[in-house]
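Undergrad: Following this message is one structure expressed as structure tokens.
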Amino acid sequence: MVGRTAGGRAKHRRRAVEIPGCRRFVAAVGAGKCDSVRDCTGAVGAAPCYDRVPRAGDRRQLGFRPGAVSTSGVAGVKIQEADAKSLLLAQGLPVPPWEVARTAEEVKAAAQRFLDAGAGRVVVKAQVLVGGRGKAGGVKLASTAQEASEVGSRILGMDIKGITVRKVLVGAAAEIVKEFYLGAIIDRASRRIVLMASAEGGVEIEEVARQNPGAIHRVSADPLLGLLAFQARSLGLAVGLRDPLLNQFVVIAEGLYATMKANDADLVEVNPLAVVAETAADGTPRERLVCLDAKITLDDSGLSRHRGLEALRDLDEEDPTDAQARKLGINFIHLDGSIGCMVNGAGLAMTTMDLVKHFGGEPANFLDVGGGARHETVRGAMELILADPKVKAILVNIFGGITRGDEVAAGLIEARAQQSRAVPMVVRIVGTNAAEAARLLQEARFETATSLDEAAEKAVAMAKGAAR
Amino acid sequence: MSILVGGDTRLVVQGITGREGEFHTRASMAYGTKVVAGTRPGKGGQTAIDGTVPIFDTVAQAVEATGANTSVIYIPASGAPDAILESVDAGIGTIVCITEGIPALDMIPVVEAVRRAGARLIGPNCPGVTSPGRAKVGIIPASIHVPGRVGVVSRSGTLTYEAVQAMTDAGIGQSTCVGIGGDPIIGTTFLDVLRLFHDDPETEAIVMIGEIGGSAEEEAAAYAIEHLRGVPMAAFIAGRTAPPGRRMGHAGAIISGGSGTAAEKIAALEAAGVRVADSPTQLPKLLLEAGFRP
């Protein structure tokens with residue numbers, strides 16, 4: 001992807017600069033005249049990361065036009081800042097150079113390279129897929145390589161919202177003049193890509209939405225023609241930009257849209273999009289817009305058609321069961337309760353969890369075996385459920401449409417023959433081939449239920465009995 | 001009457017020779033649906049379903065030869081958007097796309113093209129539409145239905161079956177059951193279906209099956225306040241206990257940043273006079289409480 005940077009937008013890119021001594025990157029430099037690392041600035045201070053786009057509740061409360069922006073399906077594959085920056089770079093956006101380091105020694109060496117190339121200070125940023133890194137102490141500045149190494153060793157291994165930091169991003173610190181927010185999302189209500197911008201960047205955008213909703217401006221890209229230049233321009237004007245930064249903004253907004261399209265992203269955000277002060281090669285001071293942070297989530301339905309994107313999934317931050325579930329082709333989410341659930345269909349699986357809770361139990365997982373699950377899938381799903389030692393009872397709820405009840409029953413029988421520990425289970429199978437399923441289950445002496453409520457109630461009682 | 005599909009439906013099946021396409025076409029025909037054609041590029045002139053359904057190379061040819069007015073799509077995600085557009089181009093009025101896993105960005109221009117053509121798209125990633133006793137387009141099991149006067153609209157698949165089964169068991173029949181699909185970008189929303197039910201003289205009560213994520217249920221509630229006063233309505237929302245930020249299978253089913261929660265949706269629906277069930281099995285009881293007389 002990064003390789004594509006050389007080809008980007010001619011208007012935008014001047015050239016690629018290779019930083020002496022830097023092995024890890026070729027810096028694609030934006031509209032300005034970057035000659036040194038000092039020019040190619042990195043993030044500074046408390047890194048503005050946020051968890052979400054403005055909330056629907058905020059809109060109502062604050063008088064946003066209903067449906068003007070609805071929360072997107074921000075649910076796909078989250079990728080790390082460094083990878084998100086690579087995708088922006090590939091579309092020709094001005095992103096200052098960075099390196100990724102996994103040890104304090106690597107941090108030190110990277111910092112030294114940036115300092116040697118002219119940076120006054122470096123920034124070290126935790127790479128985790130949760131917001132609030134700055135607040136958690138996961139973003140620090142350093143003036144020397146030794147200091148960077150010390151900062152790095154403190155951040156690496158740090159726990160941020162339950163996630164252990166395994167890598168950091170190192171870059172030159174920027175001299176920030178002003179921070180903006182710019183984001184592209186899929187808006188379900190209007191069924192379009194919406195770009196949002198605010199002059200109040202660098203803070204959580206939802207804070208802005210709550211306190212000053214008028215400060216968030218938005219345009220809807222045309223569903224057939226895409227984002228038009230005049231739309232991008234009106235967004236830039238709305239946040240107060242004028243020449244020459246306005247033109248840079250238009251190019252960046254178009255680049256965000258292009259990044260979304262090129263990667264099947266659900267969400268592309270740059271916060272802050274910063275005006276940074278630099279010194280040009282001839283010594284004159286100047287300002288330009290650069291992307292100091294990046295957040296992208298990918299639509300997993302689109303992953304297979306983009307070579308290389310699957311590799312951006314950060315396995316370090318996944319639950320180990322996630323990869324196994326992907327292999328089985330099922331949807332599995334590990335939760336904290338004691339009742340393992342196996343259901344076909346997402347809506348019914350959520351409902352089953354809700355009923356478990358309604359009857360006083362706690363679900364151990366969400367598990368949708370999908371449509372038409374075969375017996376080997378059912379067996380694999382059962383292994384996944386049983387791998388959680390907290391599971392004290394199992395509830396199987398299948399409403400066969402495409403899925404055949406007897407196939408599920410066969411899978412359950414196979415799974416039980418192989419399972420390492422005995423866990424009480426209640427099975428409810430209705431719909432397609434339910435009669436055959438009932439016969440198989442009866443022969444194998446499974447506990448069964450006819451209604452969903454009865455099944456949930458029984459599972460809760462079983463879990464409580466096992467706990468005693 | 002019924003909405004979307006009925007006795008006048010003349011169905012063309014796009015992808016009739018595939019495993020799913022053939023299986024569900026048989027079930028639709030067994031239910032009495034008029035399946036007039038199938039398409040499979042390169043196999044035009046042959047027949048499917050034991051020689052009973054002619055295969056055409058294109059939807060346009062199928063429409064020309066058979067007067068097809070409705071299409072159903074059982075084509076993999078890579079080809080499904082094109083299949084929808086082909087139906088639009090051929091003048092099909094009602095397009096039902098069962099296919100799951102279509103990237104959201106592909107659907108944005110497609111739903112716009114459908115809108116501009118004045119056609120209607122149900123789905124994608126939906127179980128289809130059944131008007132009990134008249135026509136079944138899609139994969140909803142036939143056995144769960146009885147004809148009646150309650151319209152059912154849902155974002156879910158198997159959960160719909162659960163709710164409809166509970167109604168049938170309680171002797172409450174359905175006018176039409178519409179599965180609108182669980183994706184973020186869909187052709188027909190709750191609101192659209194409520195409008196159709198509003199205009200359908202045979203639909204006297206409505207059941208809505210929603211789930212977490214998005215704001216479609218809230219929009220439907222706002223419509224109900226304005227236009228469905230006096231219509232008995234009951235709803236169920238899945239995902240009350242779903243953790244925020246985790247996607248529950250459907251691309252649409254996620255609580256992002258505290259919005260799209262079940263609690264918000266339930267509050268909006270109750271404010272609109274819709275009775276909200278704790279379990280799908282309670283829906284028949286709530287309909288009766290709301291004044292529906294089967």
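Undergrad: Can you tell me which residue in segment B:114-160 is nearest to the other protein chains (Cβ to nearest Cβ), limited to those that are within 21 Å of B:GLN282 (Cβ to Cβ), small (Gly, Ala, Ser) and assigned to a loop (DSSP other than H, G, I, E, B)?
TA: B:SER156
Undergrad: Going by the structure shown, is A:GLY120 assigned by TED's automatic domain parsing to the domain that holds A:LEU225 and touching a Phe, Trp or Tyr at 6+ places or on another chain (Cβ under 7 Å)?
TA: On the way: assigned by TED's automatic domain parsing to the domain that holds A:LEU225: yes; touching a Phe, Trp or Tyr at 6+ places or on another chain (Cβ under 7 Å): no.
No, not satisfied.
Undergrad: Can you tell me which of A:ASN344, A:ASN331 is free of Cβ contacts under 8 Å to residues at least 40 places away in the same chain, in the same structural domain as A:GLY400 (by TED's automatic domain parsing) and closer than 28 Å to B:GLY179 by Cβ? Give the steps one after another, and end with the answer.
TA: Numbers: A:ASN344 fails: free of Cβ contacts under 8 Å to residues at least 40 places away in the same chain.
The conditions single out A:ASN331.
Undergrad: Return yes or no: is A:ALA410 away from chain B (no Cβ under 14 Å), farther than 28 Å from B:ARG155 by Cβ, in contact (Cβ under 8 Å) with a residue 60 or more places away in the chain and not charged (D, E, K, R)?
TA: no
Undergrad: Oh, and also: Can you pull out the residues in segment B:61-85 that are touching a helix residue (DSSP H, G or I) at 6+ places or on another chain (Cβ under 7 Å) and either within 14 Å of chain A (Cβ to nearest Cβ) or within 25 Å of A:HIS306 (Cβ to Cβ) (or both)?
TA: Result: B:ILE73, B:TYR74, B:ILE75, B:PRO81, B:ILE84, B:LEU85.
Undergrad: Quick one: which helices (runs of 4 or more DSSP H) lie wholly within segment B:177-287 and hold at least 1 residues that are modelled with pLDDT under 95, closer than 26 Å to B:ARG115 by Cα and not hydrophobic (A, V, I, L, M, F, W, C)?
TA: Values: elements: B:190-199, B:216-227, B:262-271.
Filter on segment B:177-287 gives B:216-227.
Undergrad: Suppose we keep only residues that are modelled with pLDDT of 90 or more and more than 10 Å from every other protein chain (Cβ to nearest Cβ) within segment A:329-358. Which one would you say is surrounded by the fewest Cβ atoms within 10 Å (Cβ to Cβ)?
TA: Out of the qualifying residues, it is A:SER338.
Undergrad: I'm trying to understand the selection: among the residues of segment A:244-283, which are charged (D, E, K, R) and in a strand (DSSP E or B)?
TA: Selection gives A:ASP266, A:GLU269, A:GLU278.
Undergrad: Just to be sure I understand the filter: pairs with C-beta atoms under 6 Å, separated by 6 or more residues or on different chains, first member in segment A:292-315 and within 14 Å of chain B (Cβ to nearest Cβ), second member among the charged types (D, E, K, R). Which pairs pass?
TA: What qualifies is A:LYS295/A:GLU269; A:THR297/A:LYS78; A:THR297/A:ASP266; A:ASP299/A:ASP264; A:ASP299/A:ASP266; A:GLY302/A:ASP264; A:LEU303/A:GLU310.
Undergrad: In segment A:376-411, what residues are polar (S, T, N, Q), surrounded by 20 or more Cβ atoms within 10 Å (Cβ to Cβ) and in contact with a helix residue (DSSP H, G or I) (Cβ under 6 Å, 6 or more places away or on another chain)? Talk me through it step by step, then tell me what you get.
TA: Start the filter on segment A:376-411 by keeping residues that are polar (S, T, N, Q), which leaves A:377, A:397, A:403.
Then keep just the ones that are surrounded by 20 or more Cβ atoms within 10 Å (Cβ to Cβ); that gives A:397, A:403.
Scanning segment A:376-411 gives a single hit, A:ASN397.
Undergrad: Same structure again: Residues of segment A:422-468 being polar (S, T, N, Q) and modelled with pLDDT of 90 or more, which ones? First the steps, then the outcome.
TA: Taking segment A:422-468 first, the residues polar (S, T, N, Q) are A:432-433, A:442, A:448, A:450-451.
Answer for segment A:422-468, where residues must be polar (S, T, N, Q) and modelled with pLDDT of 90 or more: A:GLN442, A:THR448, A:THR450, A:SER451.
Undergrad: State the number of residues belonging to segment B:86-104 that are surrounded by fewer than 20 Cβ atoms within 10 Å (Cβ to Cβ) and facing chain A (nearest Cβ under 8 Å).
TA: The qualifying residues number 1.
Undergrad: Right, another one. Quick check on A:GLU318: is it out of contact with any strand residue (DSSP E or B) (no Cβ under 6 Å at 6 or more places or on another chain) and surrounded by fewer than 19 Cβ atoms within 10 Å (Cβ to Cβ)?
TA: So A:GLU318 fits the description; yes.
Undergrad: Could I ask something else about it? If we only count strands (runs of 3 or more DSSP E) wholly inside segment A:337-435, which ones have 3 or more residues that are closer than 27 Å to B:SER143 by Cβ and not small (Gly, Ala, Ser)?
TA: A:339-343, A:393-400, A:425-431
Undergrad: Scan segment A:359-375 for residues that are surrounded by fewer than 24 Cβ atoms within 10 Å (Cβ to Cβ), of a type in the set (Gly, Ala, Ser) and in contact with a strand residue (DSSP E or B) (Cβ under 9 Å, 6 or more places away or on another chain) and jot them down.
TA: Result: A:GLY370, single match.
Undergrad: Now for a separate question. Based on this model, can you work out whether A:LYS464 counts as in a loop (DSSP other than H, G, I, E, B) and surrounded by fewer than 20 Cβ atoms within 10 Å (Cβ to Cβ)?
TA: Criteria not met by A:LYS464.
Undergrad: Out of A:VAL208, A:VAL177, A:VAL170, I need the residue that is of a type in the set (Val, Ile, Thr) and closer than 14 Å to A:GLU269 by Cβ. Which one?
TA: Exactly one residue qualifies, and that residue is A:VAL208.
Undergrad: Within the set of pairs 6+ apart or on separate chains, which have a first residue in segment A:436-449 that is outside the structural domain of A:LEU395 (by TED's automatic domain parsing), a second that is at pLDDT 95 or above, and C-beta atoms under 8 Å apart?
TA: Correct list of pairs: empty, since none qualify.
The values are calculated or read from the model by the stated rules, or taken from the named source; none is laboratory data. This is a predicted model, so every value here is computed, not measured. Positions of Cβ are generated from backbone atoms using ideal geometry, with glycine treated the same way; all protein chains shown enter the neighbour counts.
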